[in-house]
Each structure stands twice: as structure tokens, then as C-alpha cells.
Amino acid sequence: MAVIRVGSVGIGGISRGVHLPGIAKSPDLQLVAVCDIDPEALRYARETYGIDEAHCFTDYHDLINCPDVDAVDISTPNNVHFEVAMAAAQAGKPYAVEKPITLNSEQADALAQVTREKNVKNMVCFSYRFKAAARYAKDLIQRGMLGTIYHVDMQYYQAWGLPFCQTPLVWRFQKDLTGSGALGDLGSHALDLVRFVTGQEYTRLVSHTGTFIQEREKLDGSGLGQVDVDDFSNYMAEMDGGIRATFRITRFGYGRGNYQTMEIYGSEGAIQYELDHAAPDTDEISICIGQANAEAHVFTKLPIPDKYKVDQMQSFADIINGKEDGMAATIFDGQINQHAVDAVLQSSEEGRWITLQ
């Protein structure tokens, strides 16, 4: 099949760190166009990836309508996800979009509906589905190695919100641009990862969110601006199959980079998934299976077979080419996730359990 020509919208940190290198590495993808409102971002794309001036756009409509673009990659701030993905879906062009897919459930429902009606191939970039340790854990659970699952404990900590970091009022601290704070940024990943690994849906949840630093320096240096999203988000959830899950999410985890721990406890075994423990961006898995190990309280770190190692942007190519393994997130996974994110916010505001099904 011919190489898929990709147009990428939003050339910021996640694009430069993950999306564009992934496109360049894939034998099935070719970056042919970019779009950003920042001239420096377009200069970066020209100099780093050789994109010619005629294919550097400031209006995403022009990129989507470009006849040289077969598929659209979306790495913008959260408030633009919906409109760009919707335009791609309406144009019938496959798209990959960063999470959270929209600012609220209403937008998520509308995007999912149009994507279904137009039968557009798509992927949501829940990147931790592509960690080999997570896929290995999912496989072990599907094979029944843990028996009946009782508990999942999910922790996702970063540190860049702390006072000494002096992070200014970037878009991730502004509700109209991001929807929610640590919840949408980190918590949406956690919600998806637990759902992905266990294969079960959320039924109801209760939460507590809050903000430690109420004001931050504006980017233009004109003084302080209001932070109106959460710095942390803690929640408990019930899932199908009787699973009880807990989540601890924060940008105030001193000393942490991109630190994740997911512990899963069943009737016949337990799994511990780790990210950023041994070394930055290193994923690992440990298990305790069998009564002898349980009685000795022994967890064994497993080597991860190569078959679980996959690449996010290559998975997008595989989806378009009809070779997908069914494990990447779709817009419908993103829709479910957005409803859960909204339920966390609602629960925190109203101080009660929120039913999801």
C-alpha cells in the first residue's frame, strides 16, 4: 500500500517529542504538511523535517483540505482537539488526536457520532496503551492468571506544578484552554490505562480535587493570573466485575518526573506495573502468582517479550491500513473517558457518588 501522507496540526512539545519522530520512523507514514499559529513552530518543521513553505499552514482547514494530505495528526492544546478532529472527520480523513479528546462530554458525543457516521478511521493517543509492560499485564489478566480481580490502585505523579519550579500560567492551568488540570492531563491517562488493562468499565465514582497554587505569573509578564483548574485529583471507582479502584493524581509529587504505579490484586495473583521507577520512561512489570510466592510475599520482575513492544504512530498507520491489533484507543474509548473525567469533576463539585452506567 502507498505511504500515508500525514498533515500534523500543533507542533508543540508532545508533537516534537512523540508524534513527529514517530511519523518519521514509520515506513508507512510521511509527514507532508504542518499547521501552527506560531511562526517558530513552522520554522522548526521546515528545518527539522524539510516541510516546504507551501505546506506550512496557519489555518487547520487549509491543511485538512490539502489534496496532498491523506490523514491528520492532532497535537494542539485541548480546546482545539474537537474542532480539528471534527473537521477531519467531516472531510472523511483518518485522524489521530491527543487526549483528552474534547473539553466536555457533549463535544465527545458529537465527535464520536460524526466519526461513526462517516466511517472515519481514527486513534486517540492514550500513549500508555503502547507501553509493553501494560500490554503484558493486560494479557496476563486475559489469560486468567490473577483470578478474580478485587483491587486496582493507580498512582500518577509529576512535579512541575510545585512552587520551586516557578511554572508560569501556561495553557494547562486555564480551564477554557484545557478543560481540567491534572485530571485531564494525567488522570485521563490513568482512567484509560486501568480500563485498558482490566478490560472492565467504570460504573460509578466519587472524587476530591483541589488547587494548591491559585495564581501564577502570566506569560507576558503583566502580573499574576488565576489558576482555575485542579492541581490534584483523587478518586475512587467501582467497575464491572466487582473491581474497586483508587486513583491518586498530582502535579505536586516532589521529585517525580513521569511517575506511575498500577497495582492489581486478584484472588490468585497480583501485578505491579511501573513507569519511571528504574529510569526515566522505563516501564516494568512484577508479579506474585502462586500460593508459595504469596505466602513468602515475593514479587518477581519479569522480562518483557518483544511481542508486547509497539509504537504509537505506527499503530496509527496500521489502523489506516487495516492491520490494527485492536489495542489502540479509538474515539469511542475517548468518549467513554471524557464521560468519566466529567463525572470526576461533577463528583468533586457535588460531594457525592456519580453513576456512569
Item to complete: Return the long-range amide H neighbours of F126 (sequence gap of 5 or more, or a different chain), with a cut-off of under 5 Å between placed amide H atoms.
Response: A329
Response to the item:
About its Cα centre, the range 1-47 carries a charge dipole, from +1 on Lys and Arg Cβ atoms and -1 on Asp and Glu Cβ atoms, whose size in debye to the nearest 20 is 120
Worksheet item: Across the range 310-327, in residue order, what do the Karplus-derived ³J(HN,Hα) couplings come to in whole Hz, using 6.51 cos²θ - 1.76 cosθ + 1.60 with θ = phi - 60° and x for Gly and Pro?
Response: 9, 10, 4, 6, 5, 5, 4, 4, 5, 4, 5, 8, x, 10, 5, 8, x, 10
Practice prompt. Would you mind listing how long the chain runs along its three principal axes, going by Cα atoms, in whole Å with the largest first?
Written response: 66, 54, 39
Practice prompt. Would you work out which of L345, S286, A237 lies farthest towards the positive end of the dipole of the chain, given +1 charges on the beta-carbon of Lys and Arg and -1 on that of Asp and Glu, about the Cα centre?
Written response: S286
Worksheet item: Does the range 205-285 classify as rounded, prolate or oblate by the C-alpha gyration tensor (a ≥ b ≥ c root eigenvalues; a/c under 1.5 gives rounded; else a/b over b/c gives prolate, otherwise oblate)?
Response: oblate
Worksheet item: In degrees between 0 and 90, to the nearest 10, how far off the longest principal axis of the chain does helix 105-118 point, with axes built from Cα atoms?
Response: 70
Fill in: Cα centroid separation - the range 221-235 against the range 137-208, whole Å
19
Worksheet, complete the sentence: As straight-line cross-link partners of K323, the qualifying lysines (C-alpha separation under 25 Å, not fewer than 8 residues apart within one chain) are K25, K93, K99, K118, K121, K131, K138, K307, K309
Worksheet entry | Between helix 331-350 and the chain: long-axis angle, C-alpha atoms, 0 to 90°, nearest 10 | 70
Worksheet, complete the sentence: Taking 40-46, 82-88 and ranking on average Cβ neighbours within 10 Å, highest first, one gets 82-88, 40-46
Worksheet item: Mind checking the angle between helix 188-198 and the chain's longest principal axis? C-alpha axes, 0 to 90 degrees, to the nearest 10.
Response: 50
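By accessible area of protein heavy atoms, probe 1.4 Å, what ranking do T261, T300 get, highest first?
If we order T261, T300 from most to least accessible, we get T300, T261.
Looking at the square roots a ≥ b ≥ c of the eigenvalues of the Cα gyration tensor of the range 65-148, which shape do they give, rounded for a/c under 1.5, prolate if a/b is larger than b/c, or oblate? Working shown, then result.
Numbers: a/c = 2.31, a/b = 2.07, b/c = 1.11.
Judged from the Cα gyration tensor, the range 65-148 comes out prolate (a/c at least 1.5, a/b above b/c).
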Worksheet item: Is it possible to state the helix-based mean residue ellipticity at 222 nm for the chain, with each DSSP H run of 4+ residues giving -39500 (n - 2.57), the sum divided by total residues, to the nearest 500 deg cm²/dmol? What is it?
Response: -9000 deg cm²/dmol
Worksheet item: Got a sec to turn the phi values of the range 96-101 into Karplus ³J(HN,Hα) couplings, 6.51 cos²θ - 1.76 cosθ + 1.60 with θ = phi - 60°, whole Hz, x for Gly and Pro?
Response: 10, 10, 5, 9, x, 5
Fill in: Accessible-area composition of the chain, carbon plus sulfur, in percent [1.4 Å probe]
50
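What whole-number value in Å² describes the accessible area per residue of the chain for a 1.4 Å probe?
Details: 15270 Å² over 357 residues.
Here the per-residue accessible area is 43 Å².
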Practice prompt. Obtain the nm distance between the two label points defined at N79 and D325 by a simple spin-label model: each point lies 7 Å from its Cα along the Cα-to-C-beta direction.
Written response: 3.8
Worksheet item: For the chain, what is the charge dipole size about the Cα centre, in debye to the nearest 20, if Lys and Arg each add +1 at the Cβ and Asp and Glu each add -1 at the Cβ?
Response: 660
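The values are calculated or read from the model by the stated rules, or taken from the named source; none is laboratory data. This one's a predicted model, so the numbers in the text were calculated from it and none came from an experiment. All Cβ positions, even for glycine, are placed from backbone atoms using ideal geometry, and neighbour counts span all protein chains on display. Just the protein is used for accessible areas: all its heavy atoms, side chains included, with ligands, DNA and RNA removed. Shrake-Rupley method; radii C 1.70, N 1.55, O 1.52, S 1.80 Å.
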